[in-house]
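These notes concern the structure reproduced below.
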């Protein structure tokens, strides 16, 4: 199969300098592209002079992760797209287990490798770890990462298994499925658009898998780190977008429940004196209510997956029942 590795870049010259060499070294069977999101640093000149064989696609505007990939991938011909963050170090033979799984499993459309922390290489990384899930209320968690509890990699997730969502830090998808889904939802801009994509793929009967015999190291937070209130805003807002589009049952009861739970999260931020984050939750809800009609309209066109969660409430399990590891469920 023809595979294209596509690295989305926005003012990331330093990251390209640091991490592109590992991608080139360990990805001989793939074509490598950099999709530039209207950078105003020296990224393009750096690539032109240092890596003239790397294909560069110049997006006219910075539309975030979602629009950035939507704009770029229409110009690339491949059977498999690998959407790779610019702050990821890949390892020897990382592609073979992924391609083998695609070859052997026709209905598997999306795959994520094991994602470890570049700064603490014996630990899983927050954004993806060993594969993602969400609870009934739309809060994501991973095998290997529940809230801020990060597991050490002791080989406990050296397996291949079905998951609910694959991390956008390193996401492989069959190109025909990406275009069948009409790509990412650009309303999201960034954060959780990959969960929405995987959920919509599940509606169509496709499977998302984790392949733990492929491994990459992710820095994380290179564009927006956890201390940035904009990240809080996007996460809370986009999870509401996603639920409204995809969740079965009475969506209005679900939204009211989320309003209460998010309110508790806001109070927690206030008690921690994180005022910008508390305000970000309020702002996220107001933006969601302003745009709810868009997602209710999309909801009508989607065949709902009746059971989409393993755990009813990840917050209840984590904070009340003290189940801080995935294996506790």
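The values are calculated or read from the model by the stated rules, or taken from the named source; none is laboratory data. A quick note: this is a predicted structure, and the numbers were derived from the prediction, not measured. With ideal geometry, Cβ positions are generated from the backbone for all residues, glycine too; neighbour counts draw on all protein chains shown.
Brief remarks on what is shown
- Some residue of region 70-82 being closer than 23 Å to residue 231 by Cβ, surrounded by fewer than 17 Cβ atoms within 10 Å (Cβ to Cβ) and either assigned by TED's automatic domain parsing to the domain that holds residue 173 or at pLDDT 95 or above (or both): no
Table: residues versus (1) surrounded by fewer than 18 Cβ atoms within 10 Å (Cβ to Cβ); (2) in contact with a strand residue (DSSP E or B) (Cβ under 9 Å, 6 or more places away or on another chain); (3) at pLDDT below 95.
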site	(1), (2), (3)
144	no, yes, no
159	yes, yes, no
166	no, yes, no
174	no, yes, no
190	no, no, yes
204	yes, yes, yes
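- Condition check for residue 240: exposed (fewer than 14 other Cβ atoms within 10 Å of the Cβ), modelled with pLDDT of 95 or more and either touching a helix residue (DSSP H, G or I) at 6+ places or on another chain (Cβ under 6 Å) or assigned to a loop (DSSP other than H, G, I, E, B) (or both): no
- Selected residue [in contact with a strand residue (DSSP E or B) (Cβ under 6 Å, 6 or more places away or on another chain) and either more than 22 Å from residue 174 (Cβ to Cβ) or buried (at least 19 other Cβ atoms within 10 Å of the Cβ) (or both)] from 91, 50: 91
- Yes/no for residue 109 being more than 17 Å from residue 2 (Cβ to Cβ) and outside any loop (DSSP other than H, G, I, E, B): no
- Any hit, region 273-296, residues being assigned to a loop (DSSP other than H, G, I, E, B) and under 24 Å from the mean Cα position of the chain (by Cα): no
- Test: residue in region 108-120 that is more than 20 Å from the chain's Cα centre (by Cα), free of Cβ contacts under 8 Å to residues at least 40 places away in the same chain, over 28 Å from residue 245 (Cβ atoms) and assigned by TED's automatic domain parsing to the domain that holds residue 31: yes
- Counting the residues of region 5-22 that are touching a helix residue (DSSP H, G or I) at 6+ places or on another chain (Cβ under 8 Å) and under 22 Å from residue 75 (Cα atoms) gives 9.
- Any chance residue 251 is modelled with pLDDT under 95, crowded, with 16+ Cβ neighbours inside 10 Å and touching a helix residue (DSSP H, G or I) at 6+ places or on another chain (Cβ under 7 Å): yes
- Any hit, region 152-172, residues being outside any loop (DSSP other than H, G, I, E, B), in contact with a helix residue (DSSP H, G or I) (Cβ under 8 Å, 6 or more places away or on another chain), outside the structural domain of residue 248 (by TED's automatic domain parsing) and more than 26 Å from residue 73 (Cβ to Cβ): no
- Residue within region 258-266 that is in contact (Cβ under 8 Å) with a residue 40 or more places away in the chain, part of a helix (DSSP H, G or I) and surrounded by 13 or more Cβ atoms within 10 Å (Cβ to Cβ) present: yes
- Candidates 104, 151 - the one that is under 20 Å from residue 207 (Cβ atoms) and either surrounded by fewer than 22 Cβ atoms within 10 Å (Cβ to Cβ) or in contact with a strand residue (DSSP E or B) (Cβ under 6 Å, 6 or more places away or on another chain) (or both): 104
- Hey, residue 179 in the same structural domain as residue 69 (by TED's automatic domain parsing) and part of a strand (DSSP E or B) or not: no
- Residues that are within 15 Å of residue 241 (Cα to Cα), in the same structural domain as residue 243 (by TED's automatic domain parsing) and out of contact with any strand residue (DSSP E or B) (no Cβ under 7 Å at 6 or more places or on another chain) do occur in region 264-281.
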